[in-house]
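The values are calculated or read from the model by the stated rules, or taken from the named source; none is laboratory data. Just so it is clear, the structure is predicted and the values come from calculations on it, not from any experiment. Neighbour counts are summed over all protein chains in view; Cβ atoms, including those assigned to glycine, are modelled from backbone coordinates with ideal geometry. Only protein heavy atoms, including side chains, enter the accessible area calculation; ligands, DNA and RNA are left aside. Shrake-Rupley method; radii C 1.70, N 1.55, O 1.52, S 1.80 Å.
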Amino acid sequence: MTSKIVIVGAGVAGINAATKLVDNGYPGELITIIDMGKDPYNRKPEEVMTGMLGAGGWSDGKLTYHTSIGGHLSKYTGEEKAMELMDQVIENFKRFHPKPEAVQCSNPEAEPDFIKPYFGLRLFPVWHVGTDYLHEIGKNWYDYLVSKGVQFDWETKVISINFENQELLSVCENPRISTHLTYDKLIFGVGKSGIDFAKVLGEEYSFPTEPKPIQIGVRFEAPQKHFQKLIDISYDFKLYRKFDDKGISLRSFCTNNNAAYVAVEETYGDHSYNGHAKKDERYRNDMTNFGILMEIHGIENPFDWSREAVKKLQIDGTGTYYSPTRKPSLTSEGNKVSAIQVDSLRSLHNALGSYAQYIEDFIGDMIRVFPTLGGDWGVYMPEIKYLNEEPLVNYNDLSLVDYPNVHFVGDVLSARGITVSGAQGTYVAEQLLK
């Protein structure tokens, strides 16, 4: 008898899983996808966190193509299989792209000498999908899955799961209806917006876990001209530095150029920042933005510590901004990025304690490497990647150790990026097909 599959979360992990299943003849009528957000026809551009294709697939058009970036995929699958899975994700984005020929891969190879005294530089391939095309991709992808019979429950929040009875309780907001749904197989890919729910489930069922580090920092923004000599070598450059004896490392993250915009994310009621780049030339603003993320190991209760730090960087219901010379920039819609400007980095030190100095030193060394930068930059505070303690899973299908019909994918399994999240969903679907 064919199993009934419920997928919690319509992000790239869940959508790639469903696609792999129906592509291989699995009956779409036996697949239900539940998401708190809206379908791609009704989801607004500024609704970043929930809905079809999740956060990354709706606002970031870069697919990293290396096993050392975005989570430890090869830990579960091995190197060769990991690359094969990422290929499948990239092919899906091309498949539903209105202009697949526009998808291009950059593959820098040489590390420039001017970087070496101050930073390491990670060079790896990146497929550029183009942020401007993501919404059309989402519509095409959604239409395909619907045509295969897949059921979507939009604006619906799963509020409890009983792993013993294989059922879940969800609440639809419009109209407000509660529904009990049973499943044979469950794919749990709630994304950033569901990290709290995953944490509750982990505590309720006492999942064995692997502790995760803190990942917190700022979103850095400056005119692109200051970084052009590095951008010419690596469009999505990754500067990094490690302090192994302190359990600390820092890296630049998710670089956006040409038509680069800072985006506000709301998680647990607090504001944090991310970024995206438009492909259409009419949006060009000649700006660059990227995260400066610090990974901190060894802090007890890292999730709670991160939440508290984020709260300290909020003023009047939004995040904060510091620049020696600049004002907060505009969104792609022409509105000022929501942030309260402060006159120093004192608030960062208040939130992070002595760890803030590592970020300040990172910025100081960038000014040395890119001397025209001077004071012509600003930082939005904070940028945060909430990493729950990672549940232990069976490596062959990412199922929970105690519940082999429940599979964790995406952010709840510490995937940090579109390609790895999609690959995890594809990997689970392959095992279910067997």
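Need the failing condition index for GLY71 against (1) free of Cβ contacts under 8 Å to residues at least 60 places away in the same chain; (2) open to solvent by less than 20 Å² (accessible area, probe 1.4 Å), just the number.
So the condition that GLY71 fails would be (1).
Could you check the stretch 239-260 and list, in sequence order, the residues that are crowded, with 18+ Cβ neighbours inside 10 Å and among the polar types (S, T, N, Q)?
Answer for the stretch 239-260, where residues must be crowded, with 18+ Cβ neighbours inside 10 Å and among the polar types (S, T, N, Q): SER249, SER252, THR255, ASN256, ASN257.
Taking the condition at pLDDT 90 or above, in a helix (DSSP H, G or I), out of contact with any Phe, Trp or Tyr (no Cβ under 7 Å at 6 or more places or on another chain) and closer than 30 Å to GLN431 by Cα, does GLU204 pass?
Spelling it out, GLU204 is indeed at pLDDT 90 or above, in a helix (DSSP H, G or I), out of contact with any Phe, Trp or Tyr (no Cβ under 7 Å at 6 or more places or on another chain) and closer than 30 Å to GLN431 by Cα.
Give me the residue from the stretch 352-367 that is open to solvent by less than 20 Å² (accessible area, probe 1.4 Å) and in contact (Cβ under 8 Å) with a residue 12 or more places away in the chain and, out of that set, farthest from VAL218 (Cα to Cα).
Of the stretch 352-367, the ones open to solvent by less than 20 Å² (accessible area, probe 1.4 Å) are 352, 356, 359, 362-363, 366.
With the extra rule that they be in contact (Cβ under 8 Å) with a residue 12 or more places away in the chain, the set shrinks to 352, 359, 362-363, 366.
Details: LEU352: 11, ILE359: 8, PHE362: 11, ILE363: 11, MET366: 14 Å.
Among them, the one singled out is MET366.
Condition test on VAL146, is it among the aliphatic types (A, V, I, L, M), open to solvent by 10 Å² or more (accessible area, probe 1.4 Å) and at pLDDT 95 or above?
yes
Can you pull out every residue in the stretch 232-290 that is part of a helix (DSSP H, G or I) and farther than 17 Å from ASN335 by Cα? Before you say what the answer is, go through the steps one by one.
Within the stretch 232-290, the subset part of a helix (DSSP H, G or I) is 244-246, 281-283.
Passing the criteria: ASP244, ASP245, LYS246, GLU281.
Would you confirm whether or not the stretch 338-346 contains a residue that is over 25 Å from PRO213 (Cβ atoms), touching a residue at least 24 places away in the same chain (Cβ under 8 Å) and in contact with a Gly (Cβ under 6 Å, 6 or more places away or on another chain)?
Yes, that holds for at least one residue.
Among the residues in the stretch 344-351, are any open to solvent by less than 70 Å² (accessible area, probe 1.4 Å), closer than 13 Å to VAL262 by Cβ and modelled with pLDDT of 95 or more?
no
A quick yes/no check of all residues on (1) open to solvent by 40 Å² or more (accessible area, probe 1.4 Å); (2) within 18 Å of CYS254 (Cα to Cα); (3) touching a Leu at 6+ places or on another chain (Cβ under 9 Å):
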residue: GLN88; (1), (2), (3): yes, no, no
residue: LYS94; (1), (2), (3): yes, no, no
residue: VAL103; (1), (2), (3): no, yes, yes
residue: ASN107; (1), (2), (3): yes, yes, yes
residue: ILE115; (1), (2), (3): no, no, yes
residue: ARG122; (1), (2), (3): yes, yes, yes
residue: ILE137; (1), (2), (3): no, no, yes
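Determine which single condition THR372 fails, assuming it passes every other condition in (1) closer than 27 Å to ALA309 by Cα; (2) open to solvent by 20 Å² or more (accessible area, probe 1.4 Å); (3) of a type in the set (Val, Ile, Thr); (4) not in a helix (DSSP H, G or I).
Going through (1) closer than 27 Å to ALA309 by Cα; (2) open to solvent by 20 Å² or more (accessible area, probe 1.4 Å); (3) of a type in the set (Val, Ile, Thr); (4) not in a helix (DSSP H, G or I) one by one, THR372 breaks only (1).
Is it the case, given these coordinates, that HIS66 is at pLDDT below 90 and over 24 Å from ALA277 (Cα atoms)?
Values: at pLDDT below 90: yes; over 24 Å from ALA277 (Cα atoms): no.
So HIS66 does not fit the description; no.
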